[in-house]
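Here is the structure we will look at.
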Amino acid sequence: MNVTVRFLRPFARLMVPFTPHGKKRNLYSTTLQRYMSSKVPSLPCHKDSTSPSKQLELDGWKTTMKSSIQEDGVSSVVSDKDEDVLAATREMIEMRRLLGKEVPEHITEEQLKIISECPSKSAQRKYLKYLFTKEKMKKADQAKKEKKVEAREEAKKARLVETTTDEKQQDFMFLRLWDRQMNFVMGWKGVQAMQFGQPLVFDMDYENYMKPFEIRNAVSQLLESEGWNRRDIDPFHIYFCNLKIDSAYHRELVKRYGGKWDKLLLTATEKSPVDLFPKDNIIYLTADSPNIMTTFKHDKIYIIGSFVDKNIQTGTSLAKAKRQHIATERLPLDKYLQWDLGSKNLTLDQVFRILLCMKNTGRWEEALKFVPKRKHIGYLEISQHSKEIFSKQKTTTSSFPKGSLNARTRKR
C-alpha cells in the first residue's frame, strides 16, 4: 500500500519515527530527504544550517569594521601629532619675533607646514629669513607705488594751479601746444617719412632662436625705437619685415600696442627685405661682420636684426646675410671707444638711436653717446675724417627723391 504524505520540513522529524520498521526504513528516509530538499525551501532553524557564504560575509564585515576602527584611531593619533608640531612651530616663531629676529609678520598654513617639516633648525631659520625679506620687498614696492601716486596727484594740482594763473594773467605770447596738437605734428612727420623718408628695416625672422622672455624684451626695444623715431625731426620709414601673422612677434606687438597697432605709421609685412628692395642698396648691420661702418650712407637701406640673444649665438645674422648675398657692416665701436668689460652687442633701441643721430649729424662722437658708459672707459681721439666725409656726402648725395618709394612699390 502506497501512502503519499505532504508536510512541511519542521514536522519531518516528528513523522520519521512512525515509518515502518525493517529493511524499508532506509529507503523511506532517503526518499523523504530528497523530496523535501526538492520541494520545500530550506529554512534556517539551527546554528548548523547556516550557509558558508553568509558566514564569509559576516567575517568580512567584522574585519572591515575592525580595520576602520583601527584607521580612525591611527588618523586621530597622527592628526594630534601634526597639531602638536604646528603648535610648537608657532611658539618658536613667536619667541623669535619677541627676541627681535628676522621673522615675517604674516605666515600662511602652508608656510607653517613647510617650516615644521624642515630637517634642521638652520633650515628653519633660513626659510624664515627668506619669508622676511620677501615680505619686506613687497612692503617697499607698495610704498614706492604710493609715493608715485602722491607725486602724480601733486603734479596734477600744480598744473591746475598754473593753468588757472595763466588764464587769470592772459599775457603769454604763444599758445600752449597741447598733447593733441603734438600728436598731430608727430603724425604729420610720420606720414611724410612713409612717403619720402629713408627706409630702415627690422628683420623679425629670428623668433625661432629666442625664448618667450627674449621676444618680450625685443618687442619692448622695438617700442622704444618707434617712439624715438616718431619724436625725431627727420624720422625713418620703419619696416617690420618677415612679420608673420599670428606669430609670437605679431601677438606680442598687438598686445603691447592694443588698438593703436592698426594706426601706426610704419610698414609691417610678411615679405623679406630682398623682395622689397634691390640687394645693391641693402646693408645688414651685424656685430659679427668683418666690415667696419665708416659713415652713414643716405642712399642705402640698413637692416637691423630683431634678435635679443642672452646665450650669445654668434654668427646667426651674418650667416643669413651671406645666404642672401647682402653686404654687411658693423659699428666702429673699437675705433672710437675704449672697451673695458661686457660684450659689444647693443640693444635694438641703442643701435637705432645711433643710426638716427648719424643720419642727422654725421658725427660718431655724438652718435656713440648712446652706448652705455658701463661698457667702456671713455672715447679715443676722434679725427675730422668723419666730419669731412659727411660734409662731402651731403653735397654729392641726397635723400630719396619724392615718390620713389611709392613708385617702387607700385611696380612690384
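The values are calculated or read from the model by the stated rules, or taken from the named source; none is laboratory data. From a predicted model like this one, the values you see are computed outputs, not experimental measurements. A quick note on method: Cβ atoms are made from the backbone with ideal geometry, for glycine too, and the neighbour counts reach across all protein chains shown. Only protein heavy atoms, including side chains, enter the accessible area calculation; ligands, DNA and RNA are left aside. Shrake-Rupley method; radii C 1.70, N 1.55, O 1.52, S 1.80 Å.
Given (1) out of contact with any Leu (no Cβ under 9 Å at 6 or more places or on another chain); (2) under 22 Å from Arg231 (Cβ atoms); (3) not charged (D, E, K, R), identify the lone condition not met by Ala327.
Failing condition for Ala327: (2).
Looking at the stretch 219-235, which of its residues are in a helix (DSSP H, G or I) and aliphatic (A, V, I, L, M)? Let's see the steps before the verdict.
Step one: list which residues in the stretch 219-235 are in a helix (DSSP H, G or I), which gives 219-231.
Hits for the stretch 219-235 are Val219, Leu222, Leu223.
Residues being free of Cβ contacts under 8 Å to residues at least 24 places away in the same chain and loosely packed, with under 14 Cβ neighbours inside 10 Å: count how many of those fall in the stretch 341-365.
The number of residues fulfilling the criteria is 0.
Going through Ile238, Ile245 one at a time, which residue ends up being among the hydrophobic types (A, V, I, L, M, F, W, C), more than 16 Å from Arg323 (Cα to Cα), in contact with a Leu (Cβ under 6 Å, 6 or more places away or on another chain) and not in a helix (DSSP H, G or I)? It would help to see each step written out before you state the result.
Values: Ile245 fails: in contact with a Leu (Cβ under 6 Å, 6 or more places away or on another chain).
Going through Ile238, Ile245 in turn, just one is among the hydrophobic types (A, V, I, L, M, F, W, C), more than 16 Å from Arg323 (Cα to Cα), in contact with a Leu (Cβ under 6 Å, 6 or more places away or on another chain) and not in a helix (DSSP H, G or I): Ile238.
For the stretch 180-210, which positions are modelled with pLDDT under 85 and β-branched (Val, Ile, Thr)?
The answer is Val185, Val191.
Do we have Ser399 as open to solvent by 60 Å² or more (accessible area, probe 1.4 Å) and modelled with pLDDT under 80 here?
Details: open to solvent by 60 Å² or more (accessible area, probe 1.4 Å): yes; modelled with pLDDT under 80: yes.
Here the answer is yes, as Ser399 does meet what is asked.
Gln338 - would you say it is modelled with pLDDT of 75 or more and touching a Gly at 6+ places or on another chain (Cβ under 7 Å)?
Working: modelled with pLDDT of 75 or more: yes; touching a Gly at 6+ places or on another chain (Cβ under 7 Å): yes.
So Gln338 passes the test.
For residues that are hydroxyl-bearing (Ser, Thr, Tyr) and in a loop (DSSP other than H, G, I, E, B), scanning just the stretch 302-325, find the one that is modelled with the highest pLDDT. Before you say what the answer is, go through the steps one by one.
As a first pass, look at the stretch 302-325 and keep what is hydroxyl-bearing (Ser, Thr, Tyr): 302, 306, 314, 316-317.
Next cut, in a loop (DSSP other than H, G, I, E, B) only: 306, 314.
Working: Ser306: 88, Thr314: 79.
My answer is Ser306.
Could you check the stretch 211-224 and list, in sequence order, the residues that are of a type outside the set (A, V, I, L, M, F, W, C) and within 14 Å of Arg256 (Cα to Cα)?
Our first condition is that a residue be of a type outside the set (A, V, I, L, M, F, W, C); within the stretch 211-224, this holds for 211-212, 214, 216-217, 220-221, 224.
Selection gives Arg216, Asn217, Ser220, Gln221, Glu224.
For every residue, the table says whether it meets (1) hydroxyl-bearing (Ser, Thr, Tyr); (2) surrounded by 14 or more Cβ atoms within 10 Å (Cβ to Cβ); (3) outside any loop (DSSP other than H, G, I, E, B); (4) more than 33 Å from the chain's Cα centre (by Cα).
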| site | (1), (2), (3), (4) |
| --- | --- |
| Glu94 | no, no, yes, yes |
| Glu102 | no, yes, no, no |
| Glu110 | no, no, yes, no |
| Ser122 | yes, no, yes, yes |
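Quick check: anything in the stretch 68-80 modelled with pLDDT of 85 or more and open to solvent by 90 Å² or more (accessible area, probe 1.4 Å)? Step through it out loud before you land on a result.
In the first step, residues of the stretch 68-80 are kept if they are modelled with pLDDT of 85 or more; the result is none.
No; the residues of the stretch 68-80 include none that is modelled with pLDDT of 85 or more and open to solvent by 90 Å² or more (accessible area, probe 1.4 Å).
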